[in-house]
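In what follows, a single structure is set out as structure tokens and then discussed.
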Amino acid sequence: MINRIFCLIASICLVLLMFNGCSNSSENSENKRTSTDPYSSTVYAMDTVMELTVYGNEDILEKSEDLIYELESKFSVTDTESDIYNINHNSGGAVSPDTDELLKLALTLCERSEGALDISIYPVVQAWGFTSGENRIPSEAELEELLRLVDYRAVSVDENNNVTLAPGMEIDLGSVAKGYTGNRLVELLSENGVTNAVLNLGGNVHVIGSKPNGEAWKVAVTDPSGEGYAGMLKVVDKAVITSGGYERFFEQDGVRYHHIIDPTTGYPANNDFLSVTVIGSNGAVCDALSTALFVMGPDRATEFWKKSDDFEAIFITSEGISITEGLEGVFSPLGNYQNEKVTVLYRD
């Protein structure tokens, strides 16, 4: 619970940092609103605090909140009325078009990452207590039994939105749900004339356009040690999504166990990564790949990026910070890393 509260506070601080001094609409003394006036709302959904700030269209905030709650009601693993709960407890069934779309995208990303992302890892995550807060270390025998049910290739979806799972299998779309929700919010806002906005979905940041004054948004990257920020990123029309072992964890006998589980072992991913930040135009892809790359480790993740053309990344390890070449000139180290060399990764 303490770790979760810390993450929520960090998310709120991130929004304050990004706005860089913008005044809240309630503090604006002007009666006449303009396209540069910010309107904000706070939503608690998908187990996190979300901060939505749009410019010039206050009315769209209510529709945005409704969309978030609607998608949560379909993707939740605990809501007994959700699509995911239904198929998990019936080895399949019909799902809504939204769930069908997200599930198919998630399976594509599982395939693309060669199983580093696997949406059927949910029973293993449950065994570690990361869904209930009652953390424990499962026995090797228990993990071995549960891992027999982990295989995204055993999930099938037909053309009529019918899902089939292997008996005993359960899936969780949490690794892509917030990214997908961000994509849908961007679509909604853009269709309603919003050209400047910041959406912080529990640390998953999506920005529309630039600041009203034409400057790029400044998005901070959290220091995995919990001491402030590791860097600052300037972005326009992008999603910025981070996964790290510092987000949810517990310690036992001096060993830290985090929530990002390696589907091949059933244990928390054990490599040199402290955090992975993925930047791209598609929030669902960034959300999924931030987890997948973290599981891969530095070498595999770098090779994966070299073969891709739809994202950039920031890798933080015990050795320091590495950024992919597309981030040169838009990333600046901060805090503990301010005087450290930033390594740039190139495809050639």
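The values are calculated or read from the model by the stated rules, or taken from the named source; none is laboratory data. Predicted model, so just to flag it, every value in this text is computed and none were measured. Cβ placement follows ideal geometry from the backbone for every residue including glycine, while neighbour counts extend to all protein chains displayed. Side chains included, ligands, DNA and RNA excluded: accessible areas come from the protein's heavy atoms. Shrake-Rupley method; radii C 1.70, N 1.55, O 1.52, S 1.80 Å.
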Handout entry: For Ser40, solvent-accessible area (1.4 Å; no DNA, RNA or ligand), Å²
Key = 60
Problem - Separation between Cα centres of segment 124-167 and segment 298-343, rounded to whole Å - result: 32
Handout entry: Rounded to whole Hz, the Karplus (6.51, -1.76, 1.60) HN-Hα couplings of segment 214-227, x for glycine and proline
Key = x, 7, 5, 6, 10, 10, 8, 9, 5, 6, x, 6, x, 9
Completion exercise
Spelling it out for Leu334: with amide H atoms placed in the peptide plane at 1.01 Å from N, the residues 5 or more places away or on another chain with amide H under 5 Å from its amide H are Gly231, Met232
Handout entry: Per-residue HN-Hα couplings for segment 51-57 [Karplus 6.51, -1.76, 1.60; θ = phi - 60°; Hz; x = Gly/Pro]
Key = 10, 10, 10, 10, 10, x, 8
Exercise for the section: Give the peptides 282-289, 203-210 in descending order of average Cβ contacts within 10 Å, highest first. Expected result: 282-289, 203-210
Completion exercise
Toy charge model, Lys and Arg Cβ at +1, Asp and Glu Cβ at -1: segment 263-348 dipole around Cα centroid in debye, rounded to 20, equals 120
Fill in the blank from the handout: For the chain, the helices passing both cut-offs (Cα extent along own axis of 27 Å or more, Kyte-Doolittle mean at least 0.0, full DSSP H runs) are none
Fill in the blank from the handout: Per the helix-only model, the chain has a calculated mean residue ellipticity at 222 nm (DSSP H runs of ≥4, -39500 (n - 2.57) each, divided over all residues, rounded to the nearest 500) of -10000 deg cm²/dmol
Practice task
Under 13 Å from the Cβ of Tyr152, count the other residues' Cβ atoms, weight Lys and Arg +1, Asp and Glu -1, and hand me the total.
Solution key: -3
Problem - Principal axis dimensions, the chain - Cα atoms, whole angstrom, descending - result: 64, 48, 41
Exercise for the section: Counting other Cβ atoms within 10 Å, keep those with at most 16, restrict to DSSP loop, and tell me which chymotrypsin sites (Phe, Trp or Tyr not before Pro) in segment 224-329 are left. Expected result: none
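Could you order Tyr346, Tyr39 so the one with the most accessible surface comes first? Probe is 1.4 Å.
Result, largest first: Tyr346, Tyr39.
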Completion exercise
Amide H proximity to Gly92 below 5 Å, modelled H, separation 5+ or other chain, gives Leu165
Completion exercise
Mean-square fluctuation maximum in Gaussian network of the chain, Cα pairs under 10 Å, restricted to Val278, Val43, Val221, hits Val43
Handout entry: Where Asp158, Asp83, Asp309 fall by accessible area, highest first, once all protein chains stay in place (1.4 Å)
Key = Asp309, Asp158, Asp83
